[in-house]
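Structure first, commentary second.
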Amino acid sequence: MEVELAERRLLDALAYLECLLGYLGLVILPRTGSPYGRYSPHWSGLRVPARAAWVLQELPSLVWPLYEGARPSARRLHCWPNRILLAMFLVHYVHRALIFPFLIRGGKPTLLFSCVLAFMFCTYNGYLQSRYLSQFAVYAEDWVSHPCFLTGFVLWLTGMVINIHSDHILRNLRKPGETGYKIPRGGLFEYVTGGNYFGEIVEWCGFALASWSLQGGVFALFTFCILFTRAKQHHHTFMASEFMLLRSIPSRELGICNEDTN
């Protein structure tokens, strides 16, 4: 009993720490820039092939729920709300670790330290979410019909679909042989600069609502803090590219004409 109480306190402490880490990311990343994707060439250091990096860094968040689900002592997984919530977490990382990496087309190598940081976070958060849902989260059996759960599930599913569709648009931006930055069009990219990031934020906000827990809430908050900074960085790049494109088009093609002054 004392061991269980100590672990429950540990999970709460880890949740508050994750909240703090998200806030630090929100403050620091706009000043340093994100060492990720198209921005990684500005950083020096050892690099890992993109596909291998994605598999390795996301793998812990796939292994943890599988491990907890296979343990006979996972006492809360006899309840349907816990099973479904853990399955929602698992489904995301099945896609992220086993499907998404192998759809990448010519992805830029990932900085080793960036990959290691992502691996550490997925280990940390994978343990936090999986352990909480399998051992400590208590729900009524009819929680799956509660408006919070149903709304959260719909948001989670919608966000995941948006995220996957946006990734598909990004993969097909360039024709074979094309290089350079291109502005994505279609889907949520018609409304927001980072459609993929928007989808993932919505997804984990839905998960947080469905789980109605501190652990799920801080994960959604952390996701927002980190992806918001990346989306903002993308938006600045987008605006700069649009400006340069407009400057390269002759004024007569834009319908602009000089007025004669007397």
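The values are calculated or read from the model by the stated rules, or taken from the named source; none is laboratory data. These numbers were taken from a predicted model, which means no experiment stands behind them. Every residue, glycine among them, receives a Cβ derived from its backbone with ideal geometry; neighbour counts consider all protein chains shown. The area values use the complete protein model at the heavy-atom level, side chains included, leaving out ligands, DNA and RNA. Shrake-Rupley method; radii C 1.70, N 1.55, O 1.52, S 1.80 Å.
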Open item on the list: Could you tell me the calculated FRET efficiency between Ala13 and Ala140, based on Cβ-Cβ distance and R0 = 25 angstrom, to the nearest 0.05?
Closed with: 0.40
TODO: Between Ile183 and Thr151, take the C-beta separation as r, use R0 = 30 Å, and let me know the FRET efficiency to the nearest 0.05.
DONE: 0.35
- [ ] Name the residues whose placed amide hydrogens come within less than 5 Å of the amide hydrogen of Leu111, ignoring near sequence neighbours (fewer than 5 apart) on the same chain.
- [x] Val48
Open item on the list: If I model a spin label at Ala52 and Met1 as a point 7 Å from the Cα along the Cα→Cβ vector, what separation in nanometres do I get?
Closed with: 5.2
Open item on the list: For Val192, what accessible surface area do you get with a 1.4 Å probe? Give it in Å², rounded to 10.
Closed with: 50
Task: Inter-site label distance for Thr123 and Ile169 at 7 Å from Cα along Cβ, in nm - done: 3.6
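Calculate the translational D of the range 45-152 in whole µm² s⁻¹ from Stokes-Einstein, where the hydrodynamic radius comes from the Kirkwood formula applied to all Cα pairs, the temperature is 25 °C and the viscosity 0.890 mPa s.
Values: Rh = 15.0 Å.
Rounded, D is 163 µm²/s.
For the range 136-234, what is the accessible area per residue in Å² when the probe is 1.4 Å?
Working: 4740 Å² over 99 residues.
The answer is 48 Å² per residue.
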Open item on the list: Taking 0.36 nm per residue of sequence separation and subtracting the Cα-Cα distance, how much length would be gained by fully extending the chain between His78 and Lys108, in nm to one decimal?
Closed with: 6.5 nm
- [ ] Using only the Cα atoms of the range 68-112, each taken as one equal point scatterer with no solvent, compute I(q) by the Debye sum, divide by I(0), and report log10 of the ratio at q = 0.19, 0.22 Å⁻¹.
- [x] -0.69, -0.79
TODO: Just reorder Cys19, Cys225 by solvent-accessible area, largest first, 1.4 Å probe, all chains present.
DONE: Cys19, Cys225
Open item on the list: Please report, in whole Å³, the volume per residue of the convex hull around the C-alpha atoms of the range 1-96.
Closed with: 151
